[in-house]
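The values are calculated or read from the model by the stated rules, or taken from the named source; none is laboratory data. Values in this document were obtained by computation on a predicted structure and should not be read as measured data. Note: ideal-geometry Cβ built from the backbone for every residue, glycine included; neighbour counts use all protein chains shown.
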Amino acid sequence: MRWMSAKLVWLAVPLVWIACKREKKDGSEDVGHPPVSTIEVRLIQGGDTIRGRYKDPDGPGGRPATIDTLRPRAGETYTYLLRILDETGNPTHDLSELIFGQQKNTHRMYFFPDPENLATIEPSDVDDLGRPVGGRGTWRQGPASVSEGSVRFLLRHYINPSDKNFGLERGSTDLDVSLPVRIQN
C-alpha cells in the first residue's frame with residue numbers, strides 16, 4: 001500500500017509540472033478590457049471629416065441603439081479612424097489605445113460592406129507580427145451607382161495571440177454592429 005501511494009505521488013508531480021508549464025505558455029498579457037458599447041467611425045479627407053456612430057450603452061435588450069448614417073462621397077478615398085468606447089457608466093472610457101495599441105496582438109477589426117462594392121476598407125495598422133489590426137486605414141468609397149448600403153464592424157478578441165492567425169474561426173466577439181451608408185454626390 002505504501003509503495004502504491006509513493007508511485008501515485010511520482011505520477012502526480014509530472015502532471016502538475018506539465019499543467020503549470022502549459023498555463024504559462026498559453027497565458028497572455030492581455031488582461032481584457034471593459035465592455036464595448038460604442039464605435040465611432042471618422043472618414044477624413046483633407047480638412048473634411050465625416051462621422052458615424054453606433055452607441056448602445058445599456059447593451060442588447062435595453063433602450064434601442066443610437067445609429068448614425070455615414071455619408072461619404074462616391075468614388076472618394078478617405079483615411080478612416082475608429083474610436084472604441086465604453087459608455088456603460090460614468091465617466092466614459094476610450095478603449096481605442098488599449099485595443100488597437102496595447103492589445104493589438106489579440107484584437108482585429110473586420111469590415112463587411114453590403115453590397116460588397118459599397119466600399120473597400122484596408123487597415124494600415126498592424127500588430128507585432130504584421131497582421132492587420134483595423135483601428136485606422138484607407139476607405140475607398142464605391143461608385144455613385146451604389147447609392148446606399150451598410151458596413152458591418154466585427155471586433156474579434158483572441159485570448160492567445162497565435163489564434164489570430166485563424167481569423168474568424170477563433171476568438172470571441174467584442175463588438176458586432178452595422179452602420180448604414182448613404183452615398184453623397
Checklist entry - Which residues, taken from the range 60-73, are hydrophobic (A, V, I, L, M, F, W, C) and at pLDDT 95 or above? => result I67, L70
Checklist outcome for this item: Pairs returned, first residue in the range 88-103 that is free of Cβ contacts under 8 Å to residues at least 60 places away in the same chain and assigned to a loop (DSSP other than H, G, I, E, B), second residue that is surrounded by 14 or more Cβ atoms within 10 Å (Cβ to Cβ) and among the hydrophobic types (A, V, I, L, M, F, W, C), beta-carbon separation under 8 angstrom, 6 or more apart or interchain, are T92/L85
Checklist outcome for this item: Picking from R140, R152, the residue that is surrounded by fewer than 17 Cβ atoms within 10 Å (Cβ to Cβ), touching a residue at least 60 places away in the same chain (Cβ under 8 Å) and within 15 Å of V41 (Cβ to Cβ) would be R140
Checklist entry - Quick one: what pairs do we get from the range 165-185, first residue under 19 Å from T77 (Cβ atoms), second of a type in the set (A, V, I, L, M, F, W, C) and not in a strand (DSSP E or B), C-beta under 7 Å, 6+ apart or different chains? => result V181/L118; I183/A74; I183/A144; I183/V146; N185/A74; N185/A144
Checklist entry - How many residues does the range 115-132 contain that are more than 16 Å from L81 (Cα to Cα) and either surrounded by 14 or more Cβ atoms within 10 Å (Cβ to Cβ) or within 13 Å of the chain's Cα centre (by Cα) (or both)? => result 3
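One line per residue, one yes/no per condition, for (1) assigned to a strand (DSSP E or B); (2) surrounded by 15 or more Cβ atoms within 10 Å (Cβ to Cβ); (3) more than 14 Å from the chain's Cα centre (by Cα):
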{"site": "R108", "(1), (2), (3)": "yes, yes, no"}
{"site": "G134", "(1), (2), (3)": "no, yes, no"}
{"site": "A144", "(1), (2), (3)": "no, no, yes"}
{"site": "L179", "(1), (2), (3)": "yes, yes, yes"}
Next on the checklist: Return the pair list, or none, for Cβ contacts closer than 7 Å from residues in the range 54-83 that are surrounded by 12 or more Cβ atoms within 10 Å (Cβ to Cβ) to residues that are in a loop (DSSP other than H, G, I, E, B) and β-branched (V, I, T), at least 6 apart or on different chains.
Outcome noted: P57/T88; P72/I183; A74/I183
